[in-house]
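Notes for the one structure printed next.
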Amino acid sequence: MAIAVVLVLLVIGSLIFHFASPWWFTPIASNWSTMDDTVILTFWVTGVVFIAVNLFLAWVVWKYRHRKGHKAKYDPENKKLEWWLTIVTSIGVAAMLAPGLFVWGKFVNVPEDAAIVEVVGQQWHWNFRFPGDDGEFGHSDATLITPENPFGLDPDDPRGSDDVLVASPELRLPVDQPVKVLLRSKDVLHNFTVTQFRVKMDLVPGMITHMWLTPTVPGSYEILCEELCGMGHFAMRGRVVVTPREEFETWLAALPTFGATQALAAADPAAGAGLYAVCTACHGASGEGNPALNAPRLAGQQAWYIRRQLDAFRDGRRGAKEGDVYGAQMRAFAAMVQDDTSARNLAAHLEGLAAPQPQATVAGDVDRGRRLYANCANCHGHQGEGIWALNAPRLAHMSDWYLVRQLQNFQHGVRGTDAGDYYGWQMATFADALKDERSINDVVAYINTLDPEPVRTARKD
Ligand code: CUA
């Protein structure tokens, strides 16, 4: 008897939960309302079956409960009932699945007038490409990827030179324009999802997959990766901003083409050495850094990272936060770097500088630090050498006191909170994993033992 009551309460509770709960679809912002319709239809079919089956079960439990003197009748076969159940179940399953096939039929047929955009996924961020004036994408290949050609486009393919590159995780799309989205991955499986668009698709290494949609509501929507793709999966975010067409065109016109990025002269470290003269007062003649002036070591740091930080200081994504005293100082000096060419030359000079490993100033438990560093090694490398492909700078042989301060800055929201500082935000989420001051010291003490350029011993045959 008690079980029958529990079953009825289960049905009533589920119904109340379904209708009274605050959780429902996010407001839709694309043409795919049919996706919602099929999901709601599925709710109806499974909901009716759930109620009917459980109430029937409760009735059976009550009606055929144990009573003195009553004996159960064994009835193993009932052809008529089995036919009925087969037919009703088939109709229910068909009602759930058939409408989905019509929606899928629309999903795999891209409209003629659709524009195209490419989504490039990698651990752990998004980039985008538009086809340019010719309306066609140039050929791409993962083997062509370098810091100068992060999209891996083929320089010999003339269709690629007008391709427009969006080297940031923020995409813009014009409202009410059907768009075919081509997707490719540089490394592992990812999945491009914007919940408000209702459609999503996997990015598969070695393949170009696609989907299409028409954004219908201007606004800013978060891009999620919905395929477990490693340590930073949860932090693989981006944004799609849907705007009126004119706004979109203005944004697009300001972006560089692949041809323009390839036409840049190679960075000139000698020219960078001239520019560096201003920086030596704090950072030292050979970029060795000076803790007394709060100036970290720069010698040997990767050029792409120095360039990115200079850009961030120049446009206020870094160093503008209240409480960031040393960042504010650096902002004033970064403003003296006139243009991108200067920044590139300066960064190339610093990467080439050799200075002896700085004196250790941080003490900690190296063994404990090694265990904590296992997480950091996923991006920064096992020797703290820094990995460009993961946007993780070199840590080994850098100023240890500076690493401690930056970890604290990330934890305290002094760094990595600016909306435009995507990688800083990612690092802040990882820095939070170091629970206390002691953990920071331990991990930095371990980094002090690493060698970013280990001497490779000759293999013995
Ligand atoms: Cu990319 Cu998860």
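Straight Cα distances below 25 angstrom link Lys79 to the lysines Lys63, Lys71, with same-chain residues fewer than 8 positions distant left out. Annotation: peptides 170-177, 357-364, ranked by per-residue average of other Cβ atoms within 10 Å with the highest first, follow the order 170-177, 357-364.
Run the helix sum for the chain: -39,500 (n - 2.57) per DSSP H stretch of 4+ residues, divided by residue count, reported at 222 nm to the nearest 500 deg cm²/dmol. Only helices count here, giving -13000 deg cm²/dmol. On full extension, the segment bounded by Arg67 and Val48 gains 3.7 nm, given 0.36 nm per residue less the C-alpha separation.
In this label model, Met1 and Met231 are separated by 6.2 nm, measuring between points 7 Å along each Cα→Cβ vector.
At full extension, Leu9 and Ala354 could sit 116.8 nm farther apart than now, given 0.36 nm per residue minus the alpha carbon distance. Distance between the 7 Å Cα→Cβ label points at Leu252 and Thr429: 3.0 nm.
Evaluating 6.51 cos²θ - 1.76 cosθ + 1.60 at θ = phi - 60° for every residue in the range 70-84, the Karplus couplings come out as 8, 10, 6, 9, 8, 9, x, 10, 8, 3, 4, 5, 5, 4, 4 Hz, glycine and proline recorded as x. Remark: for residue pairs Lys106/Lys186; Lys186/Lys435; Lys106/Lys180, the C-alpha separation exceeds 23 Å in Lys106/Lys186; Lys186/Lys435. Annotation: the residues Met231, Met211, sorted from fewest to most other C-beta atoms within 10 Å of their own C-beta, follow the order Met231, Met211. Going from the residue with the fewest nearby Cβ atoms within 10 Å to the one with the most, Ser30, Ser14, Ser439 rank Ser14, Ser439, Ser30. On full extension, the segment bounded by Leu85 and Arg368 gains 95.6 nm, given 0.36 nm per residue less the C-alpha separation.
Cross-link partners of Lys321 among aspartates and glutamates, defined as those whose alpha carbon lies under 19 angstrom from its own and excluding same-chain residues fewer than eight positions apart: Asp311, Asp418, Asp421, Asp432.
From most to least packed by mean Cβ count within 10 Å, the peptides 142-150, 301-309 give 301-309, 142-150. Applying a DSSP loop filter and a limit of 10 other Cβ atoms within 10 Å to the chymotrypsin sites (Phe, Trp or Tyr not before Pro) in the range 68-125 leaves Tyr74. Annotation: the residues Asp163, Asp202, Asp134, sorted from fewest to most other C-beta atoms within 10 Å of their own C-beta, follow the order Asp134, Asp202, Asp163.
Read the figures in this text as sums done on the coordinates, not as results from a lab. All figures in this text were calculated on a predicted structure; none of them were measured in a lab. FYI the Cβ positions are ideal-geometry reconstructions off the backbone, even for glycines, and counts take in every protein chain you see.
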